[in-house]
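Let me begin by presenting the structure, written as structure tokens, before commenting on it.
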Amino acid sequence: MSRRWLLAFALLAGCLSESEDLDDPAQDVDDGGKDDRGGAPGFVEVNPARSSANFRRYLTRAIELLERDDSPIARLTARSIRDGRVLIDELRDLTCRDAERARREGSLDELDGYMWSNRIYVSRGQRTALLAATLVHETNHVINRSEVGYWDDLPTSAFVHEYRAFHAERMFDPEPYQGVDLVDHVIELYELDRSAIPASVLARPLTPRMLPDATSWRLRNVAADPPDAPCSP
């Protein structure tokens, strides 16, 4: 559902130096609002009435990085975005109902990405490579309808959905996960009770629908998603 990066994991993965961070164009994105309508987006926003050239450049850099990558999951994720199969916006543009859900699940300040139905929201200021990984992660949640399955059998269902999404990231960019036990990482990151997850699931946690390809999208009928209930008063 959401994607959060702990400082310890970022250090383990190898953060860029201060000078490299400043050189990454993804850092120069916060324009204080989304009211600049110039330029075509190349993706579909959740709230197209609020947009900015800076935000579109921010997303486009990550999408283009996915398109240049050799991995099938990266290119299929980019194609899914370009085709409008997922809608993307920033966290400040959560719909009212999505904002209610995100607040119930945890602090919005901790989120790199969040999804519901086929809507993906991302935080501003991520480095391009991390933003691209966030898009892979959240698109995997979308094709697996994690907003429903995530809650089926907690904590096991949450573990399965998050393990699969992080595995998808690792398929795109394995380097940050060198030496990382992904089972431990997911359990610790989401503070899950390991003892409540069956040993058989911990031993073989990966389940299907990894690639956002034509088959996955045929099975994931977004049009059949029920409409949102009204926001709470």
The range 89-201: Rg to Rh, with Rh as the Kirkwood radius over Cα pairs: 0.95
Placed amide H near SER51: partners under 5 Å, 5+ positions off or other chain: ASP35, ASP36
17 Å tail of the calculated P(r), the range 140-184, as % of Cα pairs: 35
Check: the range 36-211 dipole with +1 on Lys, Arg Cβ and -1 on Asp, Glu Cβ, in debye: 700
TYR58, TYR177 arranged by Cβ crowding within 10 Å, fewest neighbours leading: TYR177, TYR58
Relative exposure of VAL142, VAL46, VAL160, judged by other C-beta atoms within 10 Å (fewest first): VAL46, VAL160, VAL142
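Laboratory data are not the source of any read-out in this text; all were calculated from the coordinates shown. All values derive from a computational prediction rather than experimental measurement. Cβ sites come from the backbone with ideal geometry, for glycine too, and all protein chains shown count toward neighbours.
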